[in-house]
Amino acid sequence: MTNSSFSPIHIIGGGLAGSEAAWQVAEAGVPVILHEMRGVRGTDAHKTDGLAELVCSNSFRSDDATSNAVGVIHAEMRLAGSLIMACADKHQVPAGGALAVDRDGFSDAVTAAIHQHPLITVVREEVTGLPPEDWDLAIIATGPLTSPALAEAIRERTGKDALAFFDAIAPIVHTDSINMDICWYQSRYDKVGPGGTGKDYINCPLDEAQYNAFVNALIEGDAVGFKEWEGTPYFDGCLPIEVMAERGRETLRHGPMKPMGLTNAHNPTVKAYAVVQLRQDNALGTLYNMVGFQTKLKYGAQAEIFRMIPGLENAEFARLGGLHRNTYIHSPTLLDQSLQLKARPGLRFAGQITGCEGYVESASIGLLAGRFAAAQRKGETISVPPATTALGALLNHITGGHIVSDEEPGKRSFQPMNINFGLFPELEPGSIVKPEGIKRFRGKDKTIMKRQLIAARALEHCKTWLGAA
Ligand SMILES: Cc1cc2nc3c(=O)[nH]c(=O)nc-3n(C[C@H](O)[C@H](O)[C@H](O)COP(=O)(O)OP(=O)(O)OC[C@H]3O[C@@H](n4cnc5c(N)ncnc54)[C@H](O)[C@@H]3O)c2cc1C
């Protein structure tokens, strides 16, 4: 296998994250043993034995690095020598502004590159327990469909509440797109609680007619079915809102939309018939999630229906809701900044199992885990990307940026996240300046400029981080 004097790093899972991690480790001159079970045991979604198989869409989403957060992470990964991006670029198919790939060509290219690398050995086997102690440096990148035996071993080690088998995602909204002329800040009954202020939620009021129209829209909305193997993962307190709406016209008003203990700051004498609450989702305060609004509605229907809520008429969604089979750990409490399990240094997690979501995001966390593990093996200082980069913003969200809610049982407030501009720190005050010669500089123009500036800053800081500036 190797001409390297370093002992190998073990990587479990040869999907998007594990393949990228293996590449990064090997390119740093450290040998890798990559354990992939397909070929011996399949999953419910994969169809081939190829590494980095795309289980559904063939799109890596927007490739616009000037004003789209996904495009920015593409660009940063390319700068960092990503195998996944190199193979995607090579097998691109026409898709407008998106980067879409020929899925077989892409997976074949990743598989060939991994097999041909002199420092990588691929072992086709299911790893059924946590890595043995003599695998001193290891990365678990087994994805949303981690095999049951390994998932159980992780659960035993991390605790029951720290490993989820389904996500139940409520939509997340960019704070600056919420209309605060209609909404107001208040916690129910002004409760301060531990670490609160009494004004921790954003509240959106509905009158009776608005509530009824909203419930009708939910019932008529187009929902997506569960796949046969996903089962119907409804558990207490996590019913999709459209299912709650179907159970009775008043159900939502007595559940997530109850108006009790809330007084409309703009109109204190009129009691709202129902209230939608949004809770701060990240430490930066740039994102708020819609409390109790997990849903199986199709994305198009969600945006249309949720914009019926007063105050959310122009809402920009950082991510829409969903409910899927998905194995992921409670990273904000379990992992340190270099993706290491605090309870077992040397063991890292990467990919979707860390609570990121999407092909590119999973690969990017694999890229980081690989670089961190290789640096550790070589006795080098681990260099974490700054939070102003897309890689750093996503890493930061997973390992601490998300606010952990004590109120929710089972630590369910941490839900998988895509890269989006809400995860980046704000620009320096005064950065957004009206360009000369433009008469009207509206909110939309400011948002576009803000995104362009955040994107440019990210790429500049990423180059500096990589020593490529
Ligand atoms: C049904 C479904 C559809 C999805 N569709 C999309 C989509 O359209 N677009 C998108 O961006 N994202 C999608 N995702 C989300 C996610 O981005 C992908 O699942 C992505 O592949 C995650 O990358 P990963 O490397 O973390 O996991 P994976 O790519 O799933 O790789 C994990 C690997 O680990 C292996 N493995 C599991 N357990 C073991 C074990 N015990 N021992 C050894 N090997 C093991 C698996 O065989 C697999 O090869 C989807 C997810 C699912 C489940």
State the Cα centre-to-centre distance between region 7-29 and region 60-83 in whole Å.
-> 20 Å
Region 168-324, accessible surface, carbon-and-sulfur percent (1.4 angstrom probe) = 52 percent
Can you pull the accessible area of Trp23 for me, 1.4 Å probe, Å² to the nearest 10?
-> 50 Å²
Once both axes come from the Cα atoms, what is the angle between helix 148-158 and the longest principal axis of the chain, in degrees from 0 to 90, rounded to 10?
-> 70 degrees
Taking the chain as the reference, fit the longest principal axis to its C-alpha atoms, fit the long axis of helix 69-79 to the helix C-alpha atoms, and give the angle between the two in degrees, 0 to 90, nearest 10.
-> 20 degrees
Positive minus negative residues near Leu395 (Lys, Arg vs Asp, Glu; Cβ under 15 Å) = -3
Within region 55-81, find all residues whose amide N lies under 16 Å from a label point positioned 7 Å from the Cα of Asp176 along Cα-to-beta-carbon.
-> 67-69
Treating only Lys and Arg (+1) and Asp and Glu (-1) as charged, each at its beta carbon, one finds that region 97-235 has a dipole about its Cα centre, in Debye to the nearest 20, of 300 debye
Let me know the charge dipole size of region 168-324 about its Cα centre in debye, to the nearest 20, where only the beta-carbon of Lys, Arg (+1) and Asp, Glu (-1) is charged.
-> 360 debye
Which residues' amide hydrogens lie under 5 Å from the amide hydrogen of Asn282, considering only partners 5 or more residues apart or on another chain, with H built in the peptide plane?
-> Leu287, Ile403
Report, in debye and to the nearest 20, how large the dipole of the chain comes out about its Cα centre when Lys and Arg carry +1 and Asp and Glu carry -1 on their Cβ.
-> 720 debye
Taking placed amide H atoms and a strict 5 Å upper bound, the residues 5 or more places from Arg319 or on another chain that come that close are Ile172
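What GluC sites (Glu not before Pro) in region 357-396 are in a loop by DSSP, with at most 14 other Cβ atoms within 10 Å of the Cβ?
Counting only loop positions with at most 14 other Cβ atoms within 10 Å, the GluC sites (Glu not before Pro) in region 357-396 are Glu380.
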Distance from region 429-469 to region 287-315 (C-alpha centre basis), Å = 28 Å
What does a probe at Ser4 reach in region 338-376, counting residues whose amide N is under 19 Å from the point 7 Å along Cα→Cβ?
-> 339-340, 346-351, 364-376
Cleavage-rule hits (trypsin sites (Lys or Arg not before Pro)) in region 299-366: DSSP loop, at most 16 neighbouring Cβ within 10 angstrom | Arg307, Lys342
Quick note, region 151-225: a/c under 1.5 would make it rounded; otherwise a/b > b/c is prolate and the rest oblate (a ≥ b ≥ c, C-alpha gyration tensor); here it is oblate
Nearest 10 degrees, 0 to 90: helix 16-27 Cα axis against the chain principal axis = 40 degrees
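Summing Lys, Arg as +1 and Asp, Glu as -1, what charge do residues with Cβ under 14 Å from the Cβ of Phe226 carry, Phe226 excluded?
Its environment carries a net charge of -1.
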Taking every DSSP bridge whose two residues both lie in region 1-120, the antiparallel percent to the nearest 5 is 45 percent
Kirkwood-based shape ratio for region 168-324, expressed as Rg/Rh from alpha carbons | 0.95
Structure-based [θ]222 nm, the chain - -39500 (n - 2.57) summed over DSSP H runs of at least 4, per residue, nearest 500 | -9000 deg cm²/dmol
Compare the Cα positions of Phe6, Ala98, Gln186 along the charge dipole of the chain (+1 at Cβ of Lys, Arg; -1 at Cβ of Asp, Glu; about the Cα centre) and return the one farthest towards the positive end.
-> Gln186
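Where does each of Val55, Val101 land when they are ordered by accessible area, with a 1.4 Å probe and the largest first? Please list the in-between numbers first.
Numbers: Val55 60, Val101 0 Å².
Ranked from most to least accessible, the order is Val55, Val101.
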If unit charges are put on Cβ atoms (+1 for Lys and Arg, -1 for Asp and Glu) and the dipole of region 168-324 is taken about its Cα centre, the option from Leu206, Thr263, Phe317 lying farthest towards the positive end turns out to be Thr263
Grab the beta carbon distance between Thr48 and Glu152, set R0 = 35 Å, and tell me the FRET efficiency rounded to 0.05.
-> 0.85
Computed E for Arg344/Lys227 - FRET, C-beta separation, R0 25 angstrom, nearest 0.05 | 0.15
Between Gln116 and Glu250, the two model label points (7 Å from Cα along the beta-carbon direction) sit apart by a distance in nm of 6.9 nm
Using a 1.4 angstrom probe with every protein chain in place, what is the largest-first accessible-area order of Thr389, Thr333?
-> Thr333, Thr389
Please work out the Cα center distance from region 138-192 to region 347-405, rounded to the nearest Å.
-> 17 Å
If the label point sits 7 Å along Cα→Cβ of Cys56, residues of region 345-387 with amide N under 12 Å come out as 357-359
Antiparallel bridge percentage (DSSP; both residues within the chain; nearest 5) | 65 percent
Taking 0.36 nm per residue of separation between Thr381 and Leu453 and subtracting their Cα-Cα distance, the length gained on full extension comes to 22.9 nm
Cα-based Debye curve of the chain sampled at q = 0.09 Å⁻¹ gives log₁₀ I(q)/I(0) of -0.62
Just read off the accessible area of Ser5 with the full protein assembly in place, 1.4 Å probe, to the nearest 10 Å².
-> 110 Å²
Radius 15 Å from Cβ of Glu125, net charge of other residues (Lys, Arg +1; Asp, Glu -1) | 0
In what sequence, largest accessible area first, do Glu76, Glu152, Glu460 appear using a 1.4 Å probe?
-> Glu460, Glu152, Glu76
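The values are calculated or read from the model by the stated rules, or taken from the named source; none is laboratory data. The model shown is predicted, which means the values in this text are computed figures rather than measured ones. A quick note on method: Cβ atoms are made from the backbone with ideal geometry, for glycine too, and the neighbour counts reach across all protein chains shown. Only protein heavy atoms, including side chains, enter the accessible area calculation; ligands, DNA and RNA are left aside. Shrake-Rupley method; radii C 1.70, N 1.55, O 1.52, S 1.80 Å.
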